[in-house]
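Here it is, the structure in full.
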Amino acid sequence: MSPTLAYQFNRLLRGSVPFAITVLLALMSVVPIGIAGYAIVTPSFVAISVFYWSIHRPYLMAPPICFVLGLLSDCLTGAPLGLSSFLYLMIHAIAVSQRRIFIGKAFVLTWFGFFLIGFLIAILSWIIVCLYSLALLPLTPILVQYALSLLVFPLFAWGFGLLQNNLLRLT
Amino acid sequence: MAPRQGKVFKLAWPLKTIIQRSAFLALISLAIALLFIGKANIGVVEKMRTSATDFLAPILATISEPVDAFHKGVARVQKFTSLIEENERLREENARLLKWQAAGRTLEQENENFRQLLNALSDPLVLPITARVVGDAGGPFVRTLLLNSGRRDGVRVGQAVVAPLGLVGRIADVGERSARVLLLTDLNSRIPVVMEKSRHKGILIGDNSSMPLLDFLPTNAKVAPGDRVVTSGDGGMLPAGRPIGFVSSISDRGIRVQAFADWTRLEYVSVLRYDLPGMSSPDMNPGDLGESRLDAK
């Protein structure tokens, strides 16, 4: 019995939820909030999303999707084109290779995983941007952004978890 | 049927992983290639980026609308609590400014008379385009803003962007209906400036820190903290004499300038359409040559 068109469409819609929500987060992260210095240290919501979905639904956050999300982020923020794509792909690769450790374990472990990977990515991004612009950039904003991302991670993980349980149980 | 299917699956499985792996590697290489292409400043990448921002700017404008409304609401409530004091303060300020206005008018007239005596050319009129800020950098790597005005509104690459208190930056990329502002704190920002009092010229260099560096001043220039820095107008793209900031610290590692612009409240900015007749080509700054000569009489 082949699934009906409506069922397939439903599945497609549900399957695109992680992508859609990440696009929305990418847009939200550049909306001016009006807090002093916030623009520079805006938590990287997209990285959180890529990390979470790469662990819990890796096939809905496949490498091409990570790549497109990176391009979108770079276009929005004005960062060197390809930088975020590279970083998100790295996050995806690391998360997927280690997902057995995180799946079905306590949330704290996932958080700790983000703590490690986030730090790695922050340093990596700093090195790449320094090389790209051939200048020594201040490291502090990048570390502050990392710390803020780490702080808001549980909130987002909780929200994604709700989505996953309600919308994506079948996919 | 079932065992055969299993066999195919067993065979296909490594193939699938190989394809997946190679796709991943291809995408990583593509990302790195994009970085190199972007560094080489190839037009295609710029075009892609501006068309993307063109598409995204209206969406961002819509999203930022409720955020702006919320801010306005909060500001309104805050103002209510200090209405009387604020009114009193503004009354005093108004009285003081009226005196300044009278002084300013006299000086302007006097200046005009001197100019006519010397037959000096006056600067062309600067026409501002008011644009809404729909996006900020949203990350630690660049200091930029996204505006929802573009080529069709007269915005061109290189034009100055000012906020009520002072210069913010310059236009770096222009799409049809969106533009990207390179803030003067960005790593790639270089702005010709002059010390307001001593008239020493220098270059304001952004380095992604909150306070840009003032460099290339003459060696005999005397600089003290608090000295005002304004645009020099060198290069013909920025109008001269626009306030930028003041010298905040002087050390062995350079002179730092604190900008006047209030970075947290950049809701609307003015893009200055400015051209020195004969200095900029109509292609670079079209549409306003006639208008900016309005005051040339």
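Check whether at least one residue in the range A:4-18 is at pLDDT below 85 and not in a helix (DSSP H, G or I), and report yes or no.
Checked against the condition, which is being at pLDDT below 85 and not in a helix (DSSP H, G or I), the range A:4-18 yields at least one hit.
Mind checking which helices (runs of 4 or more DSSP H) fall wholly inside the range A:34-97 and carry at least 1 residues that are touching a residue at least 60 places away in the same chain (Cβ under 8 Å), among the acidic types (Asp, Glu) and at negative phi?
Correct list: empty, since no element meets the threshold.
If only one of A:81, A:137, A:131, A:116 is under 25 Å from residue B:208 (Cβ atoms) and modelled with pLDDT of 90 or more, which one is it?
After applying the criteria, what remains is A:131.
Considering only the range A:127-136, state which residues are over 16 Å from residue B:137 (Cα atoms), hydrophobic (A, V, I, L, M, F, W, C) and surrounded by 14 or more Cβ atoms within 10 Å (Cβ to Cβ).
A:128, the sole residue that qualifies.
Within the range A:16-37, track down each residue that is surrounded by fewer than 17 Cβ atoms within 10 Å (Cβ to Cβ), more than 8 Å from chain B (Cβ to nearest Cβ) and farther than 17 Å from residue A:88 by Cα.
Once the filter is applied, which keeps residues that are surrounded by fewer than 17 Cβ atoms within 10 Å (Cβ to Cβ), more than 8 Å from chain B (Cβ to nearest Cβ) and farther than 17 Å from residue A:88 by Cα, the range A:16-37 yields only A:16.
Can you work out which of the residues in the range B:20-35 that are surrounded by 11 or more Cβ atoms within 10 Å (Cβ to Cβ) and more than 8 Å from every other protein chain (Cβ to nearest Cβ) is nearest to residue B:134 (Cα to Cα)?
Ranking the qualifying residues of the range B:20-35, first place goes to B:29.
Residue-by-condition table, conditions (1) within 14 Å of another protein chain (Cβ to nearest Cβ); (2) acidic (Asp, Glu):
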{"site": "B:53", "(1), (2)": "yes, no"}
{"site": "B:56", "(1), (2)": "yes, no"}
{"site": "B:64", "(1), (2)": "yes, no"}
{"site": "B:68", "(1), (2)": "yes, yes"}
{"site": "B:109", "(1), (2)": "no, no"}
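Continuing with this model, one more query. Please indicate, with yes or no, whether at least one residue in the range A:142-151 is buried (at least 19 other Cβ atoms within 10 Å of the Cβ), over 14 Å from the mean Cα position of the chain (by Cα), of a type outside the set (Lys, Arg) and modelled with pLDDT of 90 or more.
yes
Let's see how each residue does on (1) of a type outside the set (Lys, Arg); (2) surrounded by 22 or more Cβ atoms within 10 Å (Cβ to Cβ); (3) assigned to a strand (DSSP E or B):
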site	(1), (2), (3)
B:234	yes, no, no
B:238	yes, yes, no
B:246	yes, no, yes
B:250	yes, no, yes
B:258	yes, no, yes
B:264	yes, no, no
B:270	yes, no, yes
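When you check residue B:172 against the structure, is it over 26 Å from residue A:139 (Cα atoms), in contact (Cβ under 8 Å) with a residue 24 or more places away in the chain and touching a Leu at 6+ places or on another chain (Cβ under 6 Å), yes or no?
Here the answer is no, as residue B:172 does not meet what is asked.
What tally of residues in the range B:123-147 results from selecting those that are over 16 Å from residue B:239 (Cβ atoms) and surrounded by fewer than 21 Cβ atoms within 10 Å (Cβ to Cβ)?
Adding up the residues that qualify gives 2.
Continuing with the same structure: Of all residues in the range B:175-211, how many are more than 13 Å from chain A (Cβ to nearest Cβ) and part of a loop (DSSP other than H, G, I, E, B)?
Residues meeting the conditions: 8.
When you go through B:236, B:241, B:290 one by one, which is the residue that is of a type in the set (Gly, Ala, Ser) and at pLDDT 85 or above?
Result: B:241 is the single residue among B:236, B:241, B:290 that is of a type in the set (Gly, Ala, Ser) and at pLDDT 85 or above.
A further question on this structure: So which residues in the range A:56-86 are farther than 22 Å from residue B:63 by Cβ and either at the interface with chain B (Cβ under 7 Å from one of its Cβ atoms) or buried (at least 24 other Cβ atoms within 10 Å of the Cβ) (or both)?
A:61, A:63, A:64, A:66, A:67, A:80, A:81, A:82, A:83, A:85, A:86 - these are the residues of the range A:56-86 that are farther than 22 Å from residue B:63 by Cβ and either at the interface with chain B (Cβ under 7 Å from one of its Cβ atoms) or buried (at least 24 other Cβ atoms within 10 Å of the Cβ) (or both).
Does the range A:117-171 hold any residues that are facing chain B (nearest Cβ under 10 Å), of a type in the set (Phe, Trp, Tyr) and within 17 Å of residue A:48 (Cβ to Cβ), and which are they?
Of everything in the range A:117-171, just one residue is facing chain B (nearest Cβ under 10 Å), of a type in the set (Phe, Trp, Tyr) and within 17 Å of residue A:48 (Cβ to Cβ), namely A:146.
Being over 12 Å from the mean Cα position of the chain (by Cα) and not hydrophobic (A, V, I, L, M, F, W, C) is the filter here; which residues of the range A:1-28 pass it?
Within the range A:1-28, A:2, A:3, A:4, A:7, A:8, A:10, A:11, A:14, A:15, A:16 meet the criteria.
The values are calculated or read from the model by the stated rules, or taken from the named source; none is laboratory data. These figures come from a predicted structure and were not determined experimentally. Here Cβ is always computed from backbone atoms with ideal geometry, including for glycine, and neighbour counts include all displayed protein chains.
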